[in-house]
Amino acid sequence: MLAFSAANSRLWETRLVATEASKNEYKTSAQRLANQNEDLNSLLVKNERDTIDVIKYQKNKMSDLEKELQGEKEKERSLKKTHRQETEKIIQDFTKQICHLDEKLKAKNQEVNLLKDELKFAREFRKNRREMLSEIAELKKTLEISNKSHQLEFSNLEKKFLTEKCRLEKETKSKMMEITEKTQKEAISNLDEATKLVFKDNVRLKEVLAMEISENERLLKSNDFLTQENKELFEELSTKNMTLNKQMVQAKMEHEKLATTKGKVGVLENSLTHIIREFDEEKNKMVATSGSEVLSIKEELERLQRVLELKTREMAKIKKLAKTILEQRTEVEGFFMDALDHVRLEIANTKSNWKSRGCVSMSALEETETINNLRRVKGQVDISDLTWLQKERVLRLLFAKMNGYSRYTTIKLPTSTKDQPVEVSSQVEVTESSFLDMKTFLSDS
């Protein structure tokens, strides 16, 4: 009996030693798991901070892209404004030049019209010159004929006057002789009667003499009148000759002026043709220059528009990609957050159950049970074989690996971990709020 009790005591001592060793091992494992849990918590916080930094970086990048897009829009507006101003300036310059050239063309047209009028007058004078020359020739012929007729008439009158004078003188002489003879005869025959007859003859002769004298005076007056008329005709002839000479000189001057005018018209026509050709060349050159400038400005504007479209497409792609990544990441993180919340809820429920039963620490018992289960399992471990705390750590580890963390720092285990779930949940709230801000930013953009 004593031997059995001694063996039983040794067995219990062995079990006690094994239990103490297992307990110490469990404590070290729990300490290690707690350290790993703390590391995962710190990694979660760091990951959340990195996520916030990434979101801030994305926001800054988006704001920079928006600023760049705004700058490109401002450049485009400024280029459009500059192009519009340059186009208006070019149009104003060309309008002024065209107005100036139109004024020059009007002045040249006025000069040409004036020269055309002078040329027309010269042509009309050339046409009327023949008529004037024919009229002058007719006047010359008429003047010569009238002069000849006047000279002939004058000579005839002179001859008539001389013949009449001679006749009258002869008649007077013959009558005087007859009267003298008759008076002599009568005086001889009868002096008294003769005296009477002499008186009568004297009276009659006085009358005849008065008539002859008046006829002579009439002839003298007619001679004076014809002489004066002849003189006037000579003066008229000289005046007509002077007028004819003046007209001939004027016709010669008009002919010279017409030749000079023709030369001026030819020079002005050549000058006008040259000016019109230069105007057309300058106009074509200006149109070509303005067309090339407008074409280059249009090409530059199209290039800027293409760059702006590329930037806009790139921005749209970046926004779409960021939105897709954010949605995918939000879905995955939401899934992990829901899983962590569920695990925490199960841990809290398990703790409350264990506390209500008055048992030892839930974590130590779960760790002991899990280690015993894991010792019996060979190969891969199923998630159902893990405790809720280990499931939480696995989820945190997966979350950390999903965010690209492969190396972890060791942090000392705090004295009390009661508030740790609350701290983690607050960090989760920060992460969710940060992703909500990112969603709002993408929806606004």
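The values are calculated or read from the model by the stated rules, or taken from the named source; none is laboratory data. The structure displayed is predicted, hence computed values, not measured ones. Cβ coordinates were reconstructed from backbone atoms using ideal geometry, including for glycine residues, and neighbour counts include every protein chain displayed.
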### Query
Name the residues in the stretch 270-303 that are closer than 30 Å to residue 76 by Cα and of a type in the set (A, V, I, L, M, F, W, C), would you?
286, 287, 288, 294, 295, 297, 301
### Summary
Log entry, pairs with first residue in the stretch 136-147 being in contact (Cβ under 8 Å) with a residue 40 or more places away in the chain, second being polar (S, T, N, Q), beta carbons closer than 8 Å, six or more apart or on different chains, reads 136/247
## Note on the structure
Out of (1) surrounded by 12 or more Cβ atoms within 10 Å (Cβ to Cβ); (2) at pLDDT 80 or above, the one residue 50 does not meet is (2)
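At pLDDT below 70 and of a type in the set (Asp, Glu), is that true of residue 224? Spell out the reasoning first.
Numbers: at pLDDT below 70: no; of a type in the set (Asp, Glu): yes.
Criteria not met by residue 224.
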### Message
Checking residue 108 against (1) surrounded by 11 or more Cβ atoms within 10 Å (Cβ to Cβ); (2) more than 60 Å from the chain's Cα centre (by Cα); (3) farther than 30 Å from residue 223 by Cα, only one condition comes out false. Which one?
### Response
(2)
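Filter the stretch 228-274 down to the residues that are β-branched (Val, Ile, Thr) and under 51 Å from the mean Cα position of the chain (by Cα), then identify the one that is farthest from residue 148 (Cα to Cα). Walk me through it before giving the result.
Initial filter on the stretch 228-274 (β-branched (Val, Ile, Thr)): 239, 243, 249, 260-261, 265, 267, 273.
From what is left, the residues that are under 51 Å from the mean Cα position of the chain (by Cα) are 260-261, 265, 267, 273.
Numbers: 260: 42, 261: 43, 265: 48, 267: 52, 273: 60 Å.
Among residues in the stretch 228-274 that are β-branched (Val, Ile, Thr) and under 51 Å from the mean Cα position of the chain (by Cα), the one farthest from residue 148 (Cα to Cα) is 273.
Does residue 297 satisfy the criteria of being part of a helix (DSSP H, G or I), of a type in the set (A, V, I, L, M, F, W, C) and more than 21 Å from residue 84 (Cβ to Cβ)?
On the way: part of a helix (DSSP H, G or I): yes; of a type in the set (A, V, I, L, M, F, W, C): yes; more than 21 Å from residue 84 (Cβ to Cβ): no.
The answer is no for residue 297.
Could you pull out the residue among 148, 185, 140, 160 that is part of a helix (DSSP H, G or I) and either modelled with pLDDT under 75 or outside the structural domain of residue 259 (by TED's automatic domain parsing) (or both)? So that I can check it myself, show each step before the final result.
Working: 148 fails: either modelled with pLDDT under 75 or outside the structural domain of residue 259 (by TED's automatic domain parsing) (or both); 140 fails: either modelled with pLDDT under 75 or outside the structural domain of residue 259 (by TED's automatic domain parsing) (or both); 160 fails: either modelled with pLDDT under 75 or outside the structural domain of residue 259 (by TED's automatic domain parsing) (or both).
Residue meeting the stated conditions: 185.
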### Summary
Given the conditions (1) within 25 Å of residue 143 (Cα to Cα); (2) modelled with pLDDT under 75, every one holds for residue 203 apart from (1)
### Query
Would you pick out the residues in the stretch 10-47 that are surrounded by 11 or more Cβ atoms within 10 Å (Cβ to Cβ) and of a type in the set (S, T, N, Q)?
19, 22, 29, 31, 35, 36, 37, 41, 42, 47
### Query
Going by the structure shown, is residue 172 surrounded by 11 or more Cβ atoms within 10 Å (Cβ to Cβ), touching a residue at least 40 places away in the same chain (Cβ under 8 Å), among the polar types (S, T, N, Q) and under 30 Å from residue 309 (Cβ atoms)?
no
### Query
Does the stretch 87-94 contain any residue that is within 30 Å of residue 256 (Cα to Cα), of a type in the set (Phe, Trp, Tyr) and out of contact with any Cys (no Cβ under 7 Å at 6 or more places or on another chain)?
no
### Task
Output the residues belonging to the stretch 231-270 that are exposed (fewer than 14 other Cβ atoms within 10 Å of the Cβ) and of a type in the set (Gly, Ala, Ser).
238, 259, 263, 266
### Message
Could you list, ordered by first residue, the pairs with Cβ atoms under 6 Å in which the first is in the stretch 307-318 and over 16 Å from residue 61 (Cβ atoms) and the second is of a type outside the set (Phe, Trp, Tyr) and at pLDDT 80 or above, at least 6 apart or interchain?
### Response
308/72
